[in-house]
Amino acid sequence: MSSNKATWRKRPNKAMPFFHMQSFADSHESRLHFPLKQMETPTKTSPDDVGLQPYFPDTPIMRYTKARYYDRMGIIDGHVGRIVSQLKEDSLLENTFVFYFGDHGGVMPRSKGYAYESGLHVPLVVRIPENFKHLVDHKRGARTDGFVSFIDFGPTVLNLAGIAPHKELDGRAFLGEGTSAVDLATRDEVFGHADRFDEKFDMVRTYRKGSWKYIRNYQAYYADGLQNNYRYRQLAYDNWRDLYRVDRLNPVQRQFFERRPVEQLFNLATDPHEVNNLAADPAQAKRLADMRRLLRDKMTSINDLSFYPENRMVTAALEDGVAFGRKNAKQVSRLSDLADLALQPFGEVQAALGQALKSKGVLRRYWALKVCANFGDEAKPLAKAAEPLLKDKNLMVRVRAAEFLGSIKAVDPMPTLYGVVNTAETEQALMIAFNTIVFLRDQIGHEYDPSKVKLKFNKGEVYRRVQYLAGTEPNTNY
């Protein structure tokens, strides 16, 4: 049974085992979409008592938002307590494993939707029932430093139920037969990723080993703070960006709105908020290379399909992504090699990039342009080679050519992009093009003329971009 009224109490047979999932929205991101006038209503948590991350400006809006968020989490605690009480009333508590977790990090700015620990690291509490404690060798109240991913939940629940997880199932059981507290404590590696969130595109991959975190930004020229209409309905986002625009942020606080390094390396033991990038530190050169290899090996093992533009994935891989990945594993690996040219000095890869720009392979031209955009002004010597691609037969190659050449101000990219959005036939192609338009307008300063756009498709996330670019995106916060 699936509905907002679903409950184990409606089982036709009270002896029937059950699996119950309950979500609560009281701490959802939307609960921080309040109008400015709301700040006249005091929070239970004092804004003066909250601690702010170093990347946040210390403002009344930011403090009130975080205090309100703490209040909302208190409400969630009450909901969970009532569920536990109901299980106890029904004499089921000591027969039931209870998993309590969030579906992402917090919902303050720079958390949900971003590949920092504030977005990836979630709370997880598991209550072990008395009648099944023999399946688990953890002590009650114990904590573990071992890493668990969401993909481990399925195998774990099956294992606790005495069902062998299928070999094709992602993840590893962390409780039940064949697992131990000692084994779990040794699990110190985890993979993370971020791609499209609503209408905002990116490609970020992360790898953690112990307290070290490696981030690979495949489109490093995009700022983290690139417009996402839903995110910016939160006053704290707007407040933060407004201060950036009037140059009232320190260097750490500015990072969110500026282009990123292609690689980032953080020591979370000393830098839990990921603001001090050690990737260029000579003392960390070996560690950087090791983390880079670990991430590459992981992406290769899963045939990471984000090396294909989303419009291509939808048409070719949506029906069976695993089979598509296996069939195209060699191509994925070659595209990954091409993307990794961004990790080397430009002078050493200029010739290879020049050849890739002339390749007969659409995806090689596509990725060569993205690598050029990552190099930015360093890649100006390749501008002439890239200009013919503004008229490429493939629309997505045109978008990337406009993106690269527009980002270094070699051409006005907008005429090319108007042509793409006026002829694109799919929602995904339109969204990719509009993402580039927003980047070039907001970060680089190119002018956008909405009268030049005559869309064949204007709904959903595409409509969000159209609203934003036209200055008509509704904001009820003020």
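The distance separating the Cα centre of the stretch 85-143 from that of the stretch 327-352 comes to 41 Å. Across the chain, C-alpha contacts under 8 Å between residues 6 or more apart give a mean separation that, scaled by the residue count, equals a relative contact order of 11 percent. In the stretch 19-145, the inverse of the mean reciprocal separation of distinct Cα atoms equals 16.9 Å; this is its Kirkwood hydrodynamic radius. Within a straight-line Cα-Cα reach of under 20 Å, Lys44 can be paired with the following lysines, leaving aside sequence neighbours fewer than 8 residues apart in one chain: Lys66. What is the angle, in °, between the Cα long axis of helix 460-470 and the longest principal axis of the Cα atoms in the chain? Nearest 10 is fine, range 0 to 90. The two axes meet at around 50 degrees. With the biggest extent put first, the Cα atoms of the stretch 361-434 measure 34, 25, 18 Å across the principal axes.
Sum -39500 (n - 2.57) across every DSSP H segment of at least 4 residues in the chain, then divide by the residue count to get the 222 nm mean residue ellipticity, nearest 500. Show your work: numbers first, answer last.
Numbers: 17 runs with 181 residues, N = 478.
Counting only the DSSP helices, I get -11500 deg cm²/dmol.
Going by alpha carbons, how many degrees (0 to 90, nearest 10) lie between the helix axis of 395-407 and the longest principal axis of the chain? In the chain, helix 395-407 runs at an angle near 80 degrees to the longest axis.
Stokes-Einstein D for the chain at 25 °C, 0.890 mPa s, Kirkwood Rh over Cα pairs, in µm²/s? This corresponds to a translational diffusion coefficient of 99 µm²/s.
Taking a threshold of 22 Å on the Cα-Cα distance, which of the pairs Lys167/Lys298; Lys112/Lys454; Lys112/Lys200; Lys5/Lys459 fall above it?
Numbers: Lys167/Lys298 18 Å; Lys112/Lys454 33 Å; Lys112/Lys200 13 Å; Lys5/Lys459 32 Å.
Long pairs (Cα-Cα over 22 Å): Lys112/Lys454; Lys5/Lys459.
Kirkwood hydrodynamic radius (Cα pairs, Å) of the stretch 410-478?
Values: mean 1/r = 0.0806 Å⁻¹.
Mean inverse Cα-Cα distance, inverted, gives 12.4 Å.
The spacing between the stretch 388-407 and the stretch 357-385, judged by their C-alpha centroids, is 9 Å.
Neighbour counts of other Cβ atoms within 10 Å put Lys384, Lys286 in the fewest-to-most order Lys286, Lys384. Axis angle, to the nearest 10 degrees, between helix 414-423 and the longest C-alpha principal axis of the chain: 60 degrees. If the cut-off is a Cα-Cα distance under 13 Å, which aspartates and glutamates reach Lys133, setting aside same-chain residues fewer than 8 apart in sequence? List returned: Glu94, Glu177.
Where a number appears in this text, it was derived from the coordinates with a stated rule and is not lab data. From a predicted model like this one, the values you see are computed outputs, not experimental measurements. Reconstructed Cβ throughout: ideal geometry from the backbone, glycine too, with neighbour counts over all protein chains shown.
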